[in-house]
Structures are given as structure tokens and as C-alpha cells.
Amino acid sequence: AARPFPPAREARLETWRLLRARGRRAELGVSDSVRAAAVLGLTSPAIVVAPSALAALDDEELDQIVVHEWAHVQRRDDCACLVQRVIVALAGLHPAVWWINRQLNLERETACDDWAVNATGSARGLAASLTRLAAMPGRPADAVLLPAAFLSSELTTRVVRLLDRSRNTSTTGAAGAGMMVAPVRGAFALAVASGGLVVTSPLVF
């Protein structure tokens with residue numbers, strides 16, 4: 001249901017214009033089904049932005065958010081999220097699995113923040129953009145939102161990390177090679193370490 005992104009606005013997103021032809025390709029669009037911005041699709045991913053985000057952000061802020069989503073595409077986080085959610089569904093209501101799921105989501109968002117900062121050179125700008133997006137009115141009931149992206153505790157952690165100049169923000173080698181392998185391995189490892197997967201089944205009366 002995504003609509004084409006306004007060409008004039010896309011032309012003003014300087015970093016996105018430099019990156020969009022690199023690596024794994026993704027189309028840019030506009031959708032009412034997301035809270036702010038998200039990656040949708042697997043074989044042909046699309047970066048979609050909510051109309052409210054287009055209105056709330058200036059060109060530089062929007063550029064940073066789009067580049068953050070582009071990082072998700074390059075890391076194949078859309079595939080990782082799918083596998084991770086299957087693992088969580090199989091694990092049932094195990095609290096340890098749900099906790100590690102949130103931690104994996106947070107680390108994924110932080111990694112993409114680092115990609116965006118390395119591309120745009122503005123950690124403070126990205127922190128301000130995330131805060132502005134989080135302050136927008138609540139999302140519609142059917143909106144799509146990547147986990148941990150705008151929950152208050154996760155947002156605070158991401159902003160603190162962005163503003164920490166002593167933190168290693170490298171996206172090369174082990175620090176940037178998360179892709180879909182590390183989150184999936186982590187979820188499986190936790191499920192096994194905490195007693196194995198718990199498969200829930202309906203009660204029969």
C-alpha cells in the first residue's frame with residue numbers, strides 16, 4: 001500500500017542519494033501503515049516513511065532516518081527479525097527469551113544508528129531526529145513498527161549511546177557484521193540455556 005516518495009524531497013536527501021545505489025537495493029516510499037519509518041518486504045525490501053514524519057522532519061533529519069533504515073536493509077535485519085519472531089513464538093511465554101529478544105532488538109537498532117552516524121557524520125543530529133519522531137502523536141492501531149525502535153527505555157539507551165564519544169561505533173569487521181546470524185544464534189542460545197523451547201498448545205475441553 002506504499003505510495004511513491006516525493007521526487008523533489010528525495011532529491012534533497014544528500015546521503016541517501018549517495019548510498020541508494022550501493023549494496024542491497026531498496027525502494028523509498030510513503031505509507032500510512034508505519035509509525036515513523038520502517039523496512040517492509042523481504043525479497044524486494046522497501047523503506048517506507050509515514051506522512052507525519054515527512055511533515056515533522058527537515059531534510060537533514062529525514063536523511064538520517066532514511067539512512068538508518070537503509071542500514072537495516074544492508075544488514076538483512078528484515079530476515080533476522082522474521083526468524084527471531086518465529087523463535088519467540090515457539091518459546092511461548094518464557095521471560096528469559098522475551099528479555100533477550102528485546103536486547104537483540106536494541107542492539108540491532110544501535111548498530112544501524114552507528115551506520116547512519118558513520119555515513120552522515122552527525123550523532124547529535126540523529127539523536128535529535130529520534131527524539132522528535134518519538135514525540136509525534138501515537139501511531140494508528142494497524143501501524144507497523146520495528147520492535148524497540150521508539151519504546152522510552154530503548155530510546156533513552158540509544159540516545160545515550162549516540163552521544164557517548166568514547167564508544168566504539170565501528171561498523172566493520174566483527175562490530176558491523178551482525179547481519180542475520182548473530183541475532184538468531186543469540187536467541188537460540190538463550191532458549192537452549194534456559195531450558196529449551198516451550199511450545200504452547202491450545203487447551204482441549
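The values are calculated or read from the model by the stated rules, or taken from the named source; none is laboratory data. Model, not experiment: these values are computed from the prediction. Here the Cβ is made from the backbone with ideal geometry for all residues, glycine too, and neighbour counts use every protein chain on show. For the accessible areas, the whole protein counts, side chains as well, though only heavy atoms, and no ligand, DNA or RNA atoms are used. Shrake-Rupley method; radii C 1.70, N 1.55, O 1.52, S 1.80 Å.
Can you give me the % of accessible surface on region 1-142 that is carbon or sulfur? Probe 1.4 Å, all protein chains present, nothing else counted. That fraction is 58 percent. Put simply, region 5-133 fits an ellipsoid with semi-axes of 27, 16, 14 Å; these come from the alpha carbon gyration tensor as the roots of five times its eigenvalues, largest first. Amide H contacts for residue 29 (H built 1.01 Å from N in the peptide plane; partners 5 or more residues away or on another chain; cut-off under 5 Å): 47, 48, 49. Note on residue 58: accessible area is roughly 80 Å² with a 1.4 Å probe, heavy atoms of protein only. Computing FRET efficiency as 1/(1 + (r/R0)^6) for residue 33 and residue 96, where r is the C-beta to C-beta distance and R0 is 22 Å, gives about 0.10.
Rounded to the nearest 20 debye, the dipole size of region 1-86 about its Cα centre is 420 debye, using +1 on the Cβ of Lys and Arg and -1 on the Cβ of Asp and Glu. Exposure check, 1.4 Å probe, all protein chains in place: residue 115 carries approximately 50 Å² of accessible surface. The length gained by stretching the chain between residue 12 and residue 168 to full extension, at 0.36 nm per residue less their Cα-Cα distance, is 53.2 nm. Along region 105-112 the Karplus relation, 6.51 cos²θ - 1.76 cosθ + 1.60 evaluated at θ = phi - 60°, assigns HN-Hα couplings of 4, 5, 5, 5, 5, 4, 4, 6 Hz to successive residues, with x for each Gly and Pro. If R0 is 41 Å, the Cβ-Cβ spacing of residue 59 and residue 83 corresponds to a FRET efficiency of close to 0.70.
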